[in-house]
Amino acid sequence: MNESILGSASANPVEFLCRQCGQRLQVNKATTGLVRCPTCRSVQHPVQPTDAPPAVPVAASPVAEAVPDRSSTAAKPSWDVLPKLEIEGELFQHGTETPTRQVFSRILEQVSKIYVGQDELVLGTLVALFSGGHVLIESVPGLGKTLLVRTLGRVLGCDFGRIQFTADLMPSDITGAPIFDMKTQEFRFRPGPIFTQLLLADEINRAPAKTHAALLETMQENRVTIDGTSHEVTRPFLVMATQNPIESEGTYNLPEAQLDRFMFKLLAEYPQASEEATILQMHSRQVDINQRLAAEVSTVTSPNEILSVTESNVHVQVDDRLIDYVNQIVRLTRTWPAFHMGSSPRAGLALMQAARTLASFYGRDYAIPDDVVRIALPVLRHRVILTAEADVEGRQVDDLLVDLIRSVEVPRL
């Protein structure tokens with residue numbers, strides 16, 4: 001890299017916009033070769049003035065590092081460290097005790113009696129539930145996903161069920177099918193396990209695409225159609241689908257259409273040392289979990305109250321500048337060099353809905369940029385596809401998304 005160009009860029013600069021990410025850049029007027037954008041790392045020719053010497057061929061061009069134009073108010077990195085989903089964060093501690101926040105606090109108080117840690121999983125699942133969405137969870141076995149569903153079912157007063165997906169699972173095993181009633185001499189519909197309110201679809205990627213399709217209509221339309229007859233699914237309805245990231249033998253990749261139906265993709269990590277010690281203390285006494293749920297956990301809300309809170313979240317105010325901020329982030333995924341495919345408009349809708357719900361949980365009737373950024377990675381990480389080059393280089397989707405979000409200027413509200 002030619003370091004002299006970096007040092008003299010401000011003395012005799014040429015300003016131009018990066019063709020990939022839109023960053024305003026400066027290079028030395030005498031630069032005749034290629035330059036690299038420091039934000040998106042794309043290599044390109046700068047826009048040369050008419051009196052500049054002709055550009056040398058690409059093969060012979062040294063690659064200089066372009067310098068961001070600090071005099072402009074264009075996009076600048078706005079976050080040193082992105083805020084994450086956390087239950088005990090500063091925003092949660094200083095909120096106003098609104099009815100929605102009170103419901104949220106009661107739920108967390110009861111869940112914490114059985115379930116330890118996993119803030120992103122717990123908070124993300126509740127945000128999806130109160131936003132009318134579904135979640136895809138990626139984690140290794142044994143991190144308590146089934147326990148979370150059972151605990152939430154008890155706390156929320158909702159029915160819950162579990163489907164273990166296997167290679168021979170048929171669509172009718174999920175949705176149900178008509179059976180012949182010998183007593184009435186007629187066919188009647190026998191509902192499948194999908195007719196519940198909290199559904200754990202365990203290892204969903206082990207079933208073939210035909211079985212995946214059985215979930216598609218239900219997740220989107222909250223109904224199941226059998227023999228031309230539609231059967232409504234009781235609301236609230238939340239699908240928590242899990243997949244194992246380390247074992248690919250005998251699995252089927254989820255189609256992009258179904259991935260886009262999930263509001264969030266949540267990552268369940270191994271617990272911290274202190275959290276794991278608490279888990280060992282709480283769950284090593286060989287006490288039946290059904291007894292513990294009945295004795296220690298109380299039902300603090302109801303399906304009707306959940307639906308009421310979900311409807312009230314529509315009144316959370318979102319400033320026009322925050323809408324532009326969400327729009328910039330989503331649209332930038334479509335032109336980011338490391339992404340072969342970006343996010344659809346459904347990602348922007350999910351960001352808006354989740355930001356409203358999160359703000360309501362934090363006790364506010366207005367959303368702020370922190371709400372958007374906290375929920376951005378779960379919304380976007382499964383809606384983008386890496387380029388072949390980025391995949392071979394071992395680039396991580398979350399790291400690339402962090403760089404993308406940091407390149408967008410945060411609006412002042």
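Observations, loosely collected:
- Fully extending the segment from Asn304 to Asp260 would add 13.1 nm, taking 0.36 nm per residue of separation and subtracting the current Cα-Cα distance.
- Packing-based order for 310-323, 132-145, using average beta carbon neighbours within 10 Å, highest first: 132-145, 310-323
- At R0 = 22 Å, FRET efficiency that the Cβ-Cβ distance of Gln291 and Glu109 yields, to 0.05: 0.65
- Segment Gln272-Ile385, length gained on full extension (0.36 nm per residue, minus Cα span): 37.6 nm
- Residue order, fewest to most surrounding Cβ atoms within 10 angstrom, among Thr100, Thr146, Thr229: Thr229, Thr146, Thr100
- Residues Glu276, Glu120, ranked from the fewest to the most other C-beta atoms within 10 Å, line up as Glu276, Glu120.
- Modelled FRET efficiency - R0 41 Å, Leu216 with Gln281, Cβ distances, 0.05 increments: 0.45
- Linear extension gain, Thr229 paired with Gln185, 0.36 nm per residue minus alpha-carbon span: 13.9 nm
- Computed Kirkwood radius, in angstrom, where 1/r is averaged over Cα pairs of the stretch 115-301: 17.8 Å
- Between Glu15 and Asp168, the distance separating the two model label sites (each 7 Å from Cα on the Cα→Cβ line) works out to 6.9 nm.
Computed from the coordinates by the stated procedures, all read-outs in this text should not be read as laboratory data. No experiment lies behind these values; they were computed from the predicted model shown. Glycine also receives a Cβ, built like all others from the backbone with ideal geometry; neighbour counts cover every protein chain displayed.
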